[in-house]
Amino acid sequence: MGYVVLGFTYAVGGPLLGIGLYIVLRGGFPAWWMEWMLWPVKQVTPQIARLQGLTVVGLGASIVAAGLSTWVSQFLGGLLVVLAIAAYLVGAGLYVYSTWLSRRGPKEQELA
């Protein structure tokens, strides 16, 4: 059972880390990204894309850390779980913030 969990975390968390880093470094979403995948984001700018990329990195890191926690000592495993929860919460906060930024009106963007 442990190998299945670890394999799942690598199969899901690893690609999420890669996709997130790609978006952060590129400052935009891939051309093949469908419009329905970006439905909460109204206006995509490089800043918004990088924040969304950091969200994906946080989610991938939390999944990998949670999977690795079963293979280390109890103390280190507990620390990894706490870090996984923190990475997930930071990622969720960045997602909400970037979505809010993308939906601000033109007047609000000029003032900022």
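The values are calculated or read from the model by the stated rules, or taken from the named source; none is laboratory data. Quick caveat, the model's predicted, so the values are computed rather than measured. Protein only, heavy atoms only, side chains kept; ligands, DNA and RNA dropped before computing areas. Shrake-Rupley method; radii C 1.70, N 1.55, O 1.52, S 1.80 Å.
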- Hey, how much of the P(r) for the chain falls beyond 17 Å, as a percent of Cα pairs? 60
- Message: Compute the helix-to-body angle for 46-68: its Cα long axis versus the longest principal axis of the chain, expressed 0 to 90° and rounded to tens.
- Response: 10
- Message: Let me see the P(r) profile for the range 25-74: every Cα-Cα distance counted, bins of 5 Å, each bin given as a percent of all pairs.
- Response: 4, 18, 21, 20, 11, 9, 8, 6, 3, 0
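Can you put L101, L54 in order of accessible area, largest first, using a 1.4 Å probe? Provide the component values of the computation, followed by the final result.
Numbers: L101 15, L54 80 Å².
Sorted descending by solvent-accessible area, the residues read L54, L101.
Taking 8 Å as the Cα distance limit and 6 or more residues as the minimum spacing, I'd like the relative contact order of the chain as a percentage. The partial results should precede the final answer.
Working: 132 pairs, mean separation 35.5, N = 112.
Once divided by the residue count of the chain, the mean separation gives 32 percent.
If you roll a 1.4 angstrom probe over the protein chains with everything in place, what fraction of the accessible area of the range 1-56 belongs to carbon and sulfur, to the nearest %? Don't skip to the end; give the middle numbers.
Details: 2760 of 3750 Å².
Heavy-atom surface of the range 1-56 belonging to carbon and sulfur, 1.4 Å probe: 74 percent.
What whole-number value in Å² describes the accessible area per residue of the chain for a 1.4 Å probe? Could you put the intermediate results ahead of the total?
Values: 7410 Å² over 112 residues.
Heavy-atom accessible area per residue stands at 66 Å².
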- Query: Using a 1.4 angstrom probe with every protein chain in place, what is the largest-first accessible-area order of F75, F29?
  - Reply: F75, F29
